[in-house]
Each structure stands twice: as structure tokens, then as C-alpha cells.
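Beneath this line is the structure, given in C-alpha cells, with notes to follow.
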Amino acid sequence: MASFSTAARAATSIFCVALTIATAPAWACDKGKTAAKLPEFRTYTKEIECLAKAVYFEARGEPSTGQKLVADVILNRVANPHYPKSACGVVYQNDHMKNACQFSFACDGQPDVVTESRAFRRATKIAKEVLNCNDACREKRSVLEQSTHYHADYVEPDWSRKLKRTGKVGTHIFYFTATM
């Protein structure tokens, strides 16, 4: 069995290769990569929008580091075969299940209306930075930046006992798992 950092490094490497190929011209896919391993990006702009909305609605009151970690969690899930293959797919997974989806803002029954334009611009900037992280950037990531789950510190979901805690930033506690 691979160690935590080996498994995480492999997952992020697959994601970065996939991101490079998915945003490159069609001829770049001629490198032996199978379509099944590639994230299914709708468009770069839509992926940024989904990431930015998640950062904004889930963490706009958090420090920049905490906001970046929320975006990291989403992209770490994209790299994990147990989750959808796009940021939008991860963010809105099970959004039809009231208060039972992956990210609470997506299924809380409230309209997703941005009311703080400055905070949304900041969330968009963070989303772009995280989505554009290349292989060299990903290799330098800490264990905390490899997290696949988080929750607010005022709740204790059952799943949190099954995962490896990676740290806490602001009011969010982060965790890692290769599988659930």
C-alpha cells in the first residue's frame, strides 16, 4: 500500500497532467493519456466560476490561506477517481439533496447570489491561482494542501473520525483520504 504522501503525490500529478492536456489543443492529447483519466472540464471559465463560488460561499470570511485550501479540496477531489472529474461536478455533486450535498451552499435552498463583489473578486483570483498550479507548484504542496475534506469547527460530522486530520485554518478543519 502506498504511503499517504506517495498516494497524494500520484493523485495530484495525474490531475496536473490532465489539467495541462485538458486545456491544451486537441493534438496534445496524443501522449498516451486515456480520456477516462482526464477531468471533464466544461470550459476553463466555468471551472473558475464554480471554484470561485465555492470559495466565496464556503470561506469568504476565512483568511486567504483557508480560502485557497477550500479550492485545493475541490481540485484534490477532481484528481480522485471517487469524485466527479470537474470542479463544477465536485462542487455541485448531490446538489439536488437538500442539506446533504458535498458543499452546503449548493443545496441549502438559498439562491447563490454574490452580494460582496470585492470578496468574489478575491475568490476568483484564488480559484485561478489554484486551477493554474502546475506540476512544480503541486510538488511543493504541504500535507494540508492535499486535503480532500473539510468542515467548520462548530460541527463534527461522522465521516471526520474515518479520515486523517491534516490541520486547521480559521474555522475549517481539513482531512485527507485516498478513498472513503
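The values are calculated or read from the model by the stated rules, or taken from the named source; none is laboratory data. The shown structure was predicted, so the numbers you read here are calculated from the model rather than taken from an experiment. Here the Cβ positions follow ideal geometry from the backbone for every residue, glycine too, while neighbour counts run over all protein chains shown. Accessible surface is based on the protein model in full, side chains and every heavy atom, while ligands, DNA and RNA are left aside. Shrake-Rupley method; radii C 1.70, N 1.55, O 1.52, S 1.80 Å.
Do you know which residues across region 106-121 are charged (D, E, K, R) and at pLDDT below 95?
Scanning region 106-121 gives Asp108, Asp112.
Taking only region 49-69 into account, find how many residues are open to solvent by 10 Å² or more (accessible area, probe 1.4 Å) and in a helix (DSSP H, G or I).
Residues in region 49-69 being open to solvent by 10 Å² or more (accessible area, probe 1.4 Å) and in a helix (DSSP H, G or I): 7 in total.
Criterion first (at negative phi, surrounded by 14 or more Cβ atoms within 10 Å (Cβ to Cβ) and polar (S, T, N, Q)) does Thr124 satisfy it?
It is true that Thr124 is at negative phi, surrounded by 14 or more Cβ atoms within 10 Å (Cβ to Cβ) and polar (S, T, N, Q).
Return yes when Cys101 is open to solvent by less than 70 Å² (accessible area, probe 1.4 Å) and modelled with pLDDT under 90 and no when it is not.
yes
Ser160: hydroxyl-bearing (Ser, Thr, Tyr) and open to solvent by 30 Å² or more (accessible area, probe 1.4 Å), yes or no?
Spelling it out, it is not the case that Ser160 is hydroxyl-bearing (Ser, Thr, Tyr) and open to solvent by 30 Å² or more (accessible area, probe 1.4 Å).
Find the residue count for region 59-81, including only residues that are more than 13 Å from the chain's Cα centre (by Cα) and among the polar types (S, T, N, Q).
Looking only at that region, the number is 2.
Would you check which residues across region 150-180 are more than 16 Å from Leu69 (Cα to Cα) and touching a strand residue (DSSP E or B) at 6+ places or on another chain (Cβ under 8 Å) and list them?
Scanning region 150-180 gives Pro157, Trp159, Ser160, Leu163.
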